[in-house]
Amino acid sequence: MTDEPLPESLSAEINNVLDEAGVKTDRRLVMRMMRTAVLLGEDGTTRLDLKIASAALAEMRDAFRLFAPFEGVPKVTVFGSARTRHDDPLYVQARDVAAALAADGWMVVTGAGPGIMQAAAEGAGPALSLGVSIRLPFEEKANSLIAASEHVVAMKYFFTRKLMLIKESSGFICLPGGFGTLDEMFELLTLQQTGKAEPTPIVLLDEPGGTFWNGLKRFIDEDLEPTGVISEGDFDRVVITDSIESAAAVIAGFWRNYDSLRWVGDSLVLRLRVAPTDAELEELNDRFAGMLPSGRIERTAPRSPEVADDDLLHLPRLALHLDQRQVGSLFRLISAINSLESAPAL
């Protein structure tokens, strides 16, 4: 991304506009967006490309405004087929797992359509449901429960919709579905595998006795992993279950002790609820030494950039130098931290 300069007179004009609009917070970022818009015009960008850029930015603003009032509430996104009928066991699974998580204070995010999306919205209830719908000529109309509330935003583009379905959530549950559901699930796995998203729990939930996701695992174990197109253990971060209780426990349990992470220079800082004991720290170093090109997993105080941002300074921390090629292994380290005897009870 380049920051091409604009003439000083034009920059001054943009600053005047921001002054009149009362924009003070993160002003440099707003300036960058306005500068990019001007440069798109200077580039002779086609009308179609301008329409795509304009609509995407407008849609993201609408979605940001939808989620903003619920910033401090944990959210889980439920993916699944829009074609699942009300009498399908999968419909019941989606409804019941959403209800279980909502009872523990989670909001449920869906694509706002029928089928699995409607089932999850029913389970969570209108107050704890958020919907990000897609405008299509068929099938994908906002379900009646979501449409009757103000907790929904409509998108033209799948890429902006998928961004918002993933960005705001701290856990994901995928039920069997078609191309769209599989696309969303593989997007999650790709983001986790490449480190482009922070680790989050992913549950593949089936109907009782169902084999849909086991077929996928067999394909991964027998066709993907042996050929080397994915790494050994890349699918370990996913939990396959047909149990409502297990699915809800996996989502909540991932946040038992682990809180968040932040890169500070070449160090990865993990923020926890409770610091491990000396013996537990030694155990972590023994188990995960292969992830570290140098040094050890060590306790640390908040680093200078964290202090400057007042970034969760009250939480204990662990720091390590992570082999970037093993960023996918972070899930296993976090699971181990959550399983320590010193970790808070669920």
Any hit, region 111-121, residues being in contact with a Pro (Cβ under 9 Å, 6 or more places away or on another chain), outside any helix (DSSP H, G or I), surrounded by 13 or more Cβ atoms within 10 Å (Cβ to Cβ) and at pLDDT 95 or above: no
Every residue from region 53-82 that is farther than 18 Å from V132 by Cβ, open to solvent by 50 Å² or more (accessible area, probe 1.4 Å) and either at pLDDT 95 or above or in a helix (DSSP H, G or I) (or both): S54
Subset of region 303-322 that is in contact (Cβ under 8 Å) with a residue 24 or more places away in the chain and part of a loop (DSSP other than H, G, I, E, B) - its residue that is surrounded by the fewest Cβ atoms within 10 Å (Cβ to Cβ): L312
Residue within region 18-27 that is among the β-branched types (V, I, T), assigned to a helix (DSSP H, G or I) and open to solvent by less than 80 Å² (accessible area, probe 1.4 Å) present: no
Single unsatisfied condition, T300 versus (1) at pLDDT 95 or above; (2) closer than 30 Å to D96 by Cβ: (2)
Unique match (being surrounded by fewer than 14 Cβ atoms within 10 Å (Cβ to Cβ), over 27 Å from I166 (Cα atoms) and touching a residue at least 24 places away in the same chain (Cβ under 8 Å)) among L10, L6, L39: L10
Matching entry among D26, D49, D43, D88 (being modelled with pLDDT of 95 or more, farther than 30 Å from A249 by Cα and not polar (S, T, N, Q)): D49
Test: residue in region 207-224 that is among the charged types (D, E, K, R) and touching a helix residue (DSSP H, G or I) at 6+ places or on another chain (Cβ under 7 Å): yes
Flag for A345 being exposed (fewer than 15 other Cβ atoms within 10 Å of the Cβ) and within 23 Å of V239 (Cα to Cα): yes
Residue check for G177: part of a loop (DSSP other than H, G, I, E, B) and either closer than 19 Å to A252 by Cα or open to solvent by less than 40 Å² (accessible area, probe 1.4 Å) (or both): yes
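The values are calculated or read from the model by the stated rules, or taken from the named source; none is laboratory data. All of these numbers come straight from a predicted model, not from anything done at the bench. Methodologically, a virtual Cβ is constructed for each residue, glycine included, from the backbone with ideal geometry; neighbour enumeration extends over all protein chains shown. When the accessible area is computed, the model is the full protein with side chains, heavy atoms only, and any ligands, DNA or RNA have been set aside. Shrake-Rupley method; radii C 1.70, N 1.55, O 1.52, S 1.80 Å.
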